[in-house]
Structures are given as C-alpha cells and as structure tokens.
1. In this structure, is Ile164 closer than 30 Å to Ile55 by Cβ and among the hydrophobic types (A, V, I, L, M, F, W, C)?
2. Can Gln52 be described as farther than 30 Å from Asn233 by Cα, modelled with pLDDT under 95, of a type in the set (S, T, N, Q) and surrounded by fewer than 17 Cβ atoms within 10 Å (Cβ to Cβ)?
3. For Val105, work out the one condition from (1) touching a Pro at 6+ places or on another chain (Cβ under 9 Å); (2) surrounded by 15 or more Cβ atoms within 10 Å (Cβ to Cβ) it doesn't fulfil.
4. Being among the basic types (Lys, Arg) and outside any helix (DSSP H, G or I) narrows it down to one of Arg102, Arg47, Arg89, so name that one.
5. Looking only at segment 153-183, filter to residues that are more than 15 Å from the chain's Cα centre (by Cα), closer than 16 Å to Val225 by Cβ and small (Gly, Ala, Ser); which one of those is surrounded by the fewest Cβ atoms within 10 Å (Cβ to Cβ)?
6. Tell me which residues, restricted to segment 187-199, are surrounded by fewer than 18 Cβ atoms within 10 Å (Cβ to Cβ) and touching a residue at least 12 places away in the same chain (Cβ under 8 Å).
7. What about Lys120, is it under 35 Å from the mean Cα position of the chain (by Cα) and under 24 Å from Arg92 (Cα atoms)?
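The values are calculated or read from the model by the stated rules, or taken from the named source; none is laboratory data. Everything quoted here is computed from the prediction, not taken from an experiment. All Cβ positions, glycine included, derive from the backbone under ideal geometry; neighbour counts span all protein chains shown.
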Amino acid sequence: MLEKTLVNHSEAKVHTPQARSIREVVFGVNDGLVSITGIIVGVTASRMSSHQIIIAGLAAVIAAAVSMSLGQFLSTAAQNEYFLAERQREYREVAEIPHEERAEVEGIYRSQGFSADEVKILTARVTSDPDRWVDFMMKEELGILLDSLDSPWSTAITMAIAVIAGAVPPILPYLLVPNTHVAEIWAIIFAIVVAFGLGVLKAKVAKSSWWKSGMQFLLVTAAAVVVGAIGGNLLGRLFG
C-alpha cells in the first residue's frame, strides 16, 4: 500500500476524461432546444407568418448562444482565478506555517488508514518538495486538481455550438415547410426526439437509467411547448 501510494504521488498524472465536456454540451443543447422550441411554438400560436417565425427564432438563437457562451466564459474564468488564488494561499501557508501544514498532511494520511510509520514516511516524502506539497494540499484538502482547469475560451465555444445545435431541430421544419401549422407539428416531434435522445446520452455517460433520464428531458421540453403555446395564444389575442 505504501509503495503504491508513493508511486501515485511521484509518477501518476491526472487524466481528464473527454466526457467532462458533457456538462457544457448537455446544458447548452438542452437550453437551445427548450428555449427555442418554446419561442417557436409561442410565435406560431400568436399567428405570425412563417417568415416572421424564422426571424424570431434565429434572433433568439443568436441571443441565447451569445449570452450562454459569455456566461460560460466568465464563470470558467472566475473559477480558474479562485483555484489559482487558493494555490497561492497554500504556498504562503507552506512557507509561513509549515508545522501546521505538515500536521494537516499527517492527519489526512491517518484518516486514510495508514500506520504511524507509513504516515511519517509519506509525510516526509510529500513535504520534501514545495510544489508536491501544495499539489497534495490542493487535491486532498480542497479537492482541486489544477491539471484539469478548463479553458474559458474552449468552454465558451463548446457552449455556443451546443446551444445552436439544440436550436436546429425546432427551427429546421420552418425552413423546409411553408405551412406554419405543419412545420409546428414537425418542430415539436423533432424537439421531443432530440430531448429524449439527449437524456439517453446523459444517462449513458452518467451510467444511470436511460429511460428515466430520457423522460426527464422530454418532460422539460414538453413543458416549454405547453407554456409557449399558452403564451403565444394569449399574446395573439391581446395584440391581434
């Protein structure tokens, strides 16, 4: 156990799974799908022309993609800044109060079930190098892996693409079918299929129930359709 731990601390590298981007993908696609479906159904119910519906939908897509990607950029940048600030704090504590930090390392190893002799050896190993010491405290005390920091630009681009991808299914029928009511039916069908498929994808990555996850996403989209239809009808009656 001791030898394995020493190898892990000295040689192991943190591998970030490619599936970590599923967060941005699922969130972005779902947001684009739900919001644009609701808008499309709403403006159709308000008796707008096909041309007006397409313009309203595309305008909503642009606004959603820009706002979501900017929000993702700012939140990721803020998270990274916080992580790096915590790292600097750990460096200061290692330099200014090494005895307290060493005691924390010992306490972490004891809580993991190591014997007194193993704790002594492992602590000496970790605290012999400031960088290794800080990395250990970041991971074990704060649960932060700096090797897996997200790029604000990549997450923002991923979010924008995901939002646009989610918006395509409800808008596409209006580009292909002149009759708005027929296009609305196809838009709802496409949105439901994509929503269920997105739920299945999320379940596959999370290793959870595929039908339960699919139904959750489907119900959220269905709620957007209902709200959009009701709101569109009301607006149509109020403003002619």
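1. Against the criterion (closer than 30 Å to Ile55 by Cβ and among the hydrophobic types (A, V, I, L, M, F, W, C)), Ile164 qualifies.
2. The answer is no for Gln52.
3. (1)
4. Arg47
5. Result: Ala183.
6. Correct list: Val193, Gly197.
7. Criteria not met by Lys120.
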